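For reference, the structure is listed below as structure tokens.
Only the coordinates and a few stated rules stand behind these numbers; no lab work does. For clarity, every value in this text was computed on a predicted model and none was experimentally measured. Virtual Cβ from ideal backbone geometry, glycine too; neighbours counted across all protein chains shown.
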Amino acid sequence: MAGGKLSPRQKMINLMYLVFIAMLALNMSKEVLSAFGLMNERLTEANSSAQQRNADYMAGLAEKANENPTRFADAKTKAEEISSLSNDLDAYIESIKNDLKGTVKEDDLTTGNYEVMDKPDFLNQTFFVGDKYTPEGEEFVGKINNYRETLLSTLDDSPAFTKIRSDIDKKFSTEKETRRDGVEVEWLNYHFEGFPMIASLTKLTQMQADIKTTNNEILSTMLEGELTAAVAMTNYGTLLQSNRSAYFQGDVFDGAVVLGRTDETTRPNRVELTLDGRPLTEDQYTIQGGRVVLNVNAGSAGEHKIGGQLIFEEGGEETEVPVDLSFTTISKPTDAVISADKMNVVYRGVQNPMTISMAGVSDNNIDAKATGLRQVSGSSYMMDVTTVQGREVTINVSGTIDGTSYPSSATFRIKDIPRPVGTVRGEDGLIKMQRNALEISTIGAMIPDFDFEIGLNVTGFKFNVPGQPTVVVNGSRLNEAAKNTLRRAKRGETVQVFDITANLAGASGYRLQKISPVFVELTN
């Protein structure tokens with residue numbers, strides 16, 4: 001423009017145009033720097049407000065976790081982990097900003113003279129060396145990657161976190177970026193290499209804003225999820241509410257089906273209950289989910305009052321929920337009470353003790369019938385099912401009150417006596433003993449861990465020493481032939497008592513299962 005065959009006047013005019021354009025560009029650059037500075041101020045103010053909101057949220061969550069640990073303790077723990085992770089990265093970025101601002105005069109920062117922050121030197125030297133990263137640059141990218149991946153691994157895959165997970169991937173991505181000319185460059189170079197100091201400072205502040213916003217969104221979603229779960233219909237059960245606790249034939253039932261909270265989140269902090277005016281102790285009730293389950297005697301016939309209150313902590317204050325209920329104990333019989341005194345089955349070959357009674361019916365007005373059943377006295381019965389065919393027996397009971405009969409029945413399984421095991425001087429299995437002790441020991445049989453005291457009388461057995469003929473013995477002790485065979489046994493050898501025969505005391509006709517053998521290792 002200033003060259004060529006131009007007059008001196010035209011050359012001067014052209015040169016003035018160049019100076020004017022340069023001045024415009026310089027003013028434009030200063031305005032852009034100031035705009036970045038103002039944006040940084042606004043972001044800093046917004047970050048302070050966001051930080052306070054997050055702190056208030058955590059304080060509120062801590063209070064809720066203290067009041068209702070079952071519902072909010074896990075959420076509080078996860079929120080603390082996420083907040084700690086966010087605060088650590090925020091503090092790290094703040095330290096970089098402080099180092100960056102340390103290169104500028106404090107008066108320029110105080111007065112907002114952002115035009116002096118036009119050089120890229122600080123971060124260029126901090127993050128880059130040639131075409132590679134400095135250790136500080138590697139650390140910066142590593143911390144952002146760690147923040148992103150830790151957040152994503154902490155959040156579950158529920159739909160509530162889908163958008164947040166996508167935002168985290170986008171906001172904290174360190175993948176390569178594409179410039180306008182189509183060239184791919186590293187993320188750190190694309191965002192921080194060669195930029196004016198004030199632009200980089202603003203970008204760092206924006207990253208802090210992203211951290212605080214992400215933290216707030218996660219905490220809000222977590223709390224919303226807990227509150228949604230708290231009011232979910234799955235936490236409710238149906239209860240029967242009525243003005244009366246007992247009804248008689250011919251009455252109109254006016255009860256109502258209502259919803260009641262049954263989950264752990266409605267667990268009262270304290271219980272103060274009375275039964276007929278007497279305070280209940282802690283061993284007279286248990287708290288199961290949202291229910292206070294009583295464990296008290298139903299008492300005598302008549303109406304009984306349950307009063308008091310359930311105390312819940314809300315917002316640091318106690319809320320009392322009054323209790324005013326009643327129930328009626330009646331003696332009108334329904335079903336017979338039939339129980340096996342030893343177990344829920346009856347055994348062949350033994351006398352099975354039974355207790356048979358019916359609420360509100362005297363023993364002399366109860367008629368109990370079943371094969372092998374006989375009354376001993378009162379409500380005590382004995383049952384012998386040795387000759388009963390099949391695997392079950394049914395007891396039919398009828399109680400009579402004022403000429404009205406109330407029938408009931410119960411079925412019991414029939415089992416054979418378990419297989420006995422052989423014994424030597426009361427021991428079974430593999431026994432170590434001296435030869436002379438075995439000669440005088442009694443061979444017996446028993447049924448381990450059986451609920452009945454029964455006697456087994458051994459009538460014979462077979463005795464074998466390795467390498468010697470088997471000796472058949474009648475009775476429960478070794479005969480002379482067996483003793484002679486025993487004397488030929490060597491020290492350390494194991495002799496065997498097997499094919500033991502025995503009968504059941506009091507029921508010699510009952511056929512026992514095959515008796516397990518017993519082994520004796522000779523110690524001399």
Could you work out the local net charge near N47, counting Lys and Arg as +1, Asp and Glu as -1, over the other residues with Cβ closer than 14 Å to its Cβ? 0
Can you list the residues, at least 5 places off or on another chain, whose amide H is less than 5 Å from the amide H of T442, using H built in the peptide plane? R425
With a sphere of radius 12 Å drawn around the Cβ of T485, what net charge do the other residues whose Cβ falls strictly inside it have (Lys, Arg +1; Asp, Glu -1)? +2
Let me see the P(r) profile for the range 28-151: every Cα-Cα distance counted, bins of 5 Å, each bin given as a percent of all pairs. 2, 9, 13, 15, 16, 15, 12, 7, 5, 4, 2, 0, 0
How big is D for the range 358-399, in µm² s⁻¹ as a whole number, if Stokes-Einstein is applied with the Kirkwood radius of its Cα pairs at 25 °C and 0.890 mPa s? 217 µm²/s
Let me know the shape class of the range 380-504, please: from the alpha-carbon gyration tensor, a ≥ b ≥ c as square roots of the eigenvalues, rounded when a/c is under 1.5, otherwise prolate if a/b is greater than b/c, or oblate. prolate
Alpha carbon Rg of the range 468-524, scaled by the compact-globule rule 2.2 N^0.38 Å: 1.36
